[in-house]
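The values are calculated or read from the model by the stated rules, or taken from the named source; none is laboratory data. Everything numeric in this text was worked out from a predicted model, so none of it was measured. So basically every Cβ, Gly included, is an ideal-geometry build from the backbone, and we count neighbours across all protein chains shown.
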Amino acid sequence: MTRLLIVGGLTIDRFADGTSAPGGAVIHSGRAAIAEDAEVTILTVAGDEPEAAIGLRELSELGDLIHQRAPSTVTFGHDEIDGRRVLTYLAGTGPIDPPLLTDPPEAALLAPIADELPAGAILAVRDAARPRVTVIIIQGWLRRLRIGDLVRPVGLDEVPPATWEAFAAADAAVVSTEDLAEASGDPFDAIRRLRERLGRRPIVVLTLGQGGYVLDDPSADRAVERAPGRVVEGVPTVGAGDTFGVALAIQLARGDGAAAAATAATDRVIRMLEGRRS
């Protein structure tokens, strides 16, 4: 079994109908990791709200849980505008501190959803955990977050240089076109702009929703676009990016090349979405 560390904040998601539930990348990626037969350690930060307690209970059932307490949990309001899901940032949380792990994981997935993992903590977590492979889902760092305001993407030039330098030390970075403020419609242009900032080390994957992904493998001579083998329609896609990221990390840790790992990650997302039909 692949030993995997997942790092990110738990969320409380509040919906327009008045209901609420725990969420966040740690939950979605943790579920996907179990489906990939990984041995999981989850490092998260959260408060003591009832929804957080439910989420923490599930995380403890998925693997070893390291819960760093905070005065509150990241909270998002969920709504829909013109057919698109929008988030309102309702509450923040504290920063995540590096873990003290006696048994280093083979892979680490860093997937913050707000500002709970500042740039300096990226390298600190890697140095403390010492994984063989580190994959970063950079969505959380591309969000403009003000309490009470809609969550909006920030421009790539607005991300501090120190954050890009921390990203550049990872083995792979995953980002969705939905996270990019400068989405031009040309994914190869977006990949080029990401590569300029990330340097030559990490594999870069730009996910295109149901359109598949663009993969820029530094060991290849050009970026390539891949469509999924089949499209699953009519089911919620929440957590698809987290599922992709965790499967990519596991496959890279198991020795797959970038192309094979991305293909396997896409297949895992498809199986996850098909499972929601039942």
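To keep it simple, each residue is scored yes or no on (1) aromatic (Phe, Trp, Tyr); (2) under 16 Å from GLY9 (Cβ atoms); (3) modelled with pLDDT under 95.
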site: ALA46; (1), (2), (3): no, yes, no
site: HIS67; (1), (2), (3): no, yes, no
site: ASP82; (1), (2), (3): no, no, yes
site: ALA91; (1), (2), (3): no, yes, no
site: ILE113; (1), (2), (3): no, yes, yes
site: ALA121; (1), (2), (3): no, yes, yes
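Is at least one residue of the stretch 147-161 part of a strand (DSSP E or B), in contact (Cβ under 8 Å) with a residue 12 or more places away in the chain and of a type in the set (Lys, Arg)?
yes
Surrounded by fewer than 21 Cβ atoms within 10 Å (Cβ to Cβ), touching a Leu at 6+ places or on another chain (Cβ under 7 Å), closer than 21 Å to VAL151 by Cβ and of a type in the set (S, T, N, Q), is that true of THR88? Talk me through it step by step, then tell me what you get.
Numbers: surrounded by fewer than 21 Cβ atoms within 10 Å (Cβ to Cβ): yes; touching a Leu at 6+ places or on another chain (Cβ under 7 Å): yes; closer than 21 Å to VAL151 by Cβ: yes; of a type in the set (S, T, N, Q): yes.
Answer is yes for this residue.
Given the structure, is LEU109 out of contact with any Phe, Trp or Tyr (no Cβ under 9 Å at 6 or more places or on another chain), within 25 Å of THR177 (Cβ to Cβ) and either surrounded by fewer than 14 Cβ atoms within 10 Å (Cβ to Cβ) or in contact (Cβ under 8 Å) with a residue 12 or more places away in the chain (or both)?
Working: out of contact with any Phe, Trp or Tyr (no Cβ under 9 Å at 6 or more places or on another chain): yes; within 25 Å of THR177 (Cβ to Cβ): yes; either surrounded by fewer than 14 Cβ atoms within 10 Å (Cβ to Cβ) or in contact (Cβ under 8 Å) with a residue 12 or more places away in the chain (or both): yes.
Here the answer is yes, as LEU109 does meet what is asked.
Are any of the residues in the stretch 91-98 polar (S, T, N, Q) and either in contact with a strand residue (DSSP E or B) (Cβ under 8 Å, 6 or more places away or on another chain) or crowded, with 16+ Cβ neighbours inside 10 Å (or both)? Break it down into steps so the answer makes sense when it comes.
Residues of the stretch 91-98 polar (S, T, N, Q): 93.
Still in the running and either in contact with a strand residue (DSSP E or B) (Cβ under 8 Å, 6 or more places away or on another chain) or crowded, with 16+ Cβ neighbours inside 10 Å (or both): 93.
So far as the stretch 91-98 goes, yes, one or more of its residues are polar (S, T, N, Q) and either in contact with a strand residue (DSSP E or B) (Cβ under 8 Å, 6 or more places away or on another chain) or crowded, with 16+ Cβ neighbours inside 10 Å (or both).
Cβ-Cβ distance below 9 Å, separation of 6 or more or different chains: which pairs start in the stretch 217-234 with a residue that is at negative phi and assigned to a loop (DSSP other than H, G, I, E, B) and end on one that is exposed (fewer than 10 other Cβ atoms within 10 Å of the Cβ) and not acidic (Asp, Glu)?
Within 9 Å, the pairs are PRO218/ARG200; VAL232/ARG277.
Would it be correct to say that ALA181 is hydrophobic (A, V, I, L, M, F, W, C), over 25 Å from ALA260 (Cα atoms), outside any helix (DSSP H, G or I) and without any contact (Cβ under 8 Å) to a residue 60 or more places away in the chain?
Details: hydrophobic (A, V, I, L, M, F, W, C): yes; over 25 Å from ALA260 (Cα atoms): yes; outside any helix (DSSP H, G or I): yes; without any contact (Cβ under 8 Å) to a residue 60 or more places away in the chain: yes.
Criteria met by ALA181.
Can you pull out every residue in the stretch 123-138 that is within 16 Å of the chain's Cα centre (by Cα) and at pLDDT 90 or above?
VAL133, THR134, VAL135, ILE136, ILE137, ILE138
Is it the case that the stretch 212-225 has a residue that's surrounded by fewer than 13 Cβ atoms within 10 Å (Cβ to Cβ) and under 30 Å from ASP79 (Cα atoms)?
no
Name the residue, out of ALA173, ALA253, ALA181, ALA259, that is under 17 Å from ILE138 (Cβ atoms) and modelled with pLDDT of 90 or more.
ALA173
Each row is one residue, and each column tells you yes or no for (1) more than 15 Å from VAL174 (Cβ to Cβ); (2) out of contact with any Ser or Thr (no Cβ under 7 Å at 6 or more places or on another chain); (3) buried (at least 21 other Cβ atoms within 10 Å of the Cβ).
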{"residue": "ARG201", "(1), (2), (3)": "no, yes, no"}
{"residue": "VAL205", "(1), (2), (3)": "no, yes, yes"}
{"residue": "ALA227", "(1), (2), (3)": "yes, yes, no"}
{"residue": "GLU233", "(1), (2), (3)": "yes, yes, no"}
{"residue": "ILE250", "(1), (2), (3)": "no, no, yes"}
{"residue": "GLY257", "(1), (2), (3)": "yes, yes, no"}
{"residue": "ALA264", "(1), (2), (3)": "no, yes, no"}
